[in-house]
Amino acid sequence: MSTAPAVKTIDQTIFAGDPTRKGNCVAACIATVVGAQAQRGPPLHRGGSRAWVMPTKESGSGNAWWAMMLGFLAGRGLWAYELDSPADAEPGELVLVAGPSPRGVLHQVIFRDGELWHDPHPSRDGVLDVVEVLAVRPLSGFDHAPTRATRPTEGAVDA
């Protein structure tokens, strides 16, 4: 009998067919994986919804979502590490897997022990092929303590 706590899966709320923004499958997968590690869902709120909106190229933001994701993870002492395949994950580790979906778009799902564990799309169809694998793991050297502010010594010259 496993003593591991249950993981709450998060489903996407925005889909590839939306003309004004990209789908939020990556955000749903990050929310699931981070929630699994923190035992609570991350606050990925924008406009009161649980949607982490990824800008489109038309909005002028290009791939800013990647930087947003890394910043979100780093702020929690985590980082996305690239793996060669789902088989390189630790036993029981949830990993982000990207690949083409049966719907013809690049899609993000979660694998565990080399198999599809959660697809945030309502179809639950997964991906047809594995293109990228990311493990969300603790960021080495991360220090949660803020740097202590000190008053400069009188007459000291800043370097």
Task: Tabulated pairs, region 8-34, first outside any loop (DSSP other than H, G, I, E, B), second among the aromatic types (Phe, Trp, Tyr), C-beta under 6 angstrom, 6+ apart or interchain - done: Ala27/Trp52
- [ ] Quickly run through region 71-94 and pick out the residues that are surrounded by fewer than 14 Cβ atoms within 10 Å (Cβ to Cβ), at pLDDT below 95 and in a loop (DSSP other than H, G, I, E, B).
- [x] Gly75
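Let's see how each residue does on (1) assigned to a loop (DSSP other than H, G, I, E, B); (2) modelled with pLDDT of 95 or more; (3) β-branched (Val, Ile, Thr):
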{"residue": "Ala51", "(1), (2), (3)": "yes, no, no"}
{"residue": "Gly62", "(1), (2), (3)": "yes, no, no"}
{"residue": "Met69", "(1), (2), (3)": "no, no, no"}
{"residue": "Gly99", "(1), (2), (3)": "no, yes, no"}
{"residue": "Pro102", "(1), (2), (3)": "yes, yes, no"}
{"residue": "Ile110", "(1), (2), (3)": "no, yes, yes"}
{"residue": "Pro146", "(1), (2), (3)": "yes, no, no"}
{"residue": "Ala156", "(1), (2), (3)": "yes, no, no"}
Open item on the list: Just to verify a result, which residue in region 1-27, among those that are touching a strand residue (DSSP E or B) at 6+ places or on another chain (Cβ under 8 Å) and closer than 23 Å to Trp79 by Cβ, is modelled with the lowest pLDDT?
Closed with: Val7
Task: Cβ-Cβ under 6 Å pairs, at least 6 apart or on other chains, region 94-116 side touching a residue at least 40 places away in the same chain (Cβ under 8 Å) and farther than 18 Å from Phe15 by Cα, far side β-branched (Val, Ile, Thr) and exposed (fewer than 15 other Cβ atoms within 10 Å of the Cβ) - done: none
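The values are calculated or read from the model by the stated rules, or taken from the named source; none is laboratory data. Everything numeric in this text was worked out from a predicted model, so none of it was measured. Neighbour counts run over all protein chains shown; Cβ positions are idealised from the backbone, glycine included.
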